[in-house]
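Below: one structure, written as structure tokens.
What follows draws every value from the coordinates through simple rules; no lab data is involved. The structure displayed is predicted, hence computed values, not measured ones. Neighbour counts run over all protein chains shown; Cβ positions are idealised from the backbone, glycine included.
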Amino acid sequence: MKVYFQIFHYGGFIWAVIALILLLNAWVSARKGNIVRHQLIMMILTLGGWIFILGYLVRYRFPEYIPNVPPEYIPWLAFHGSVGIVILIGATYLVWGRLTQSRTPNRQSHVNKYHQIYGRIFIALWGFTHLGGLVNFFLFSQP
Ligand code: HEM
């Protein structure tokens, strides 16, 4: 029964490292005007983020997978999880805006008009969340 926990634990660590590299790459691509690459990476990251959350929630479906959380970690985990979910919803909104909403100057939708501002905030917080994920890996590694 511990197998899923182990897969999620190590898989989550590897995903956090890959996602940090991809986030940086997506930001540099946008700055350099390589929008196709930026778009592709952000779509992969957003999809990956939702798959990660689903994988996380599955653990709470089965009592034997639920990790033992020491009470002193709860405020940190609540903060980490809340920032993570807000960013993921925000990123989904940015992707959805670019794929479905107007980009015509003067008529573009709110989400597209402020893409750059929202994007900079979300990417920075997203990086912070993945760094927190790396910290969590060590917090929950068995001695
Ligand atoms: C379908 C998905 C996406 C497309 C097509 C797209 C497209 C673009 C384009 C065209 C720009 C250039 C500036 C502009 O026109 O406003 C840009 C910039 C940017 N995007 Fe995206 N984007 C996507 C998703 C995202 C997501 C999900 C995020 C963050 C969560 C993000 C973060 C950024 C950032 C930070 C910049 C500005 C880079 C800088 O100058 O610092 N993008 N994006």
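In cubic angstrom, how much convex hull volume per residue do the alpha carbon atoms of segment 60-143 span?
Each residue corresponds to 112 Å³ of Cα convex hull volume.
Using a Gaussian network model of the chain in which every pair of alpha carbons under 10 angstrom is joined by a spring, one finds that among G132, G11, G48 the greatest mean-square fluctuation is at G11. Loop-located chymotrypsin sites (Phe, Trp or Tyr not before Pro) across segment 46-143 with a Cβ neighbour count of 11 or fewer within 10 Å are lacking, with loop assigned by DSSP. Is any residue of segment 11-44 close enough, with backbone N under 17 Å, to a label point placed 7 angstrom from the Cα of N68 along the Cα-Cβ axis, and if so, which? Those under the cut-off are none; the list is empty.
Scaled against 2.2 N^0.38 Å for its residue count N, the alpha carbon radius of gyration of the chain is 1.17. Spatial offset of segment 35-96 relative to segment 14-29 amounts to 15 Å, using the alpha carbon center of each.
Restricting to Cα pairs below 8 Å that are 6+ residues apart, what does the relative contact order work out to for the chain? Please round to a whole percent. Don't skip to the answer; put the middle values down first.
Numbers: 87 pairs, mean separation 47.7, N = 143.
Reported as a whole number, the value is 33 percent.
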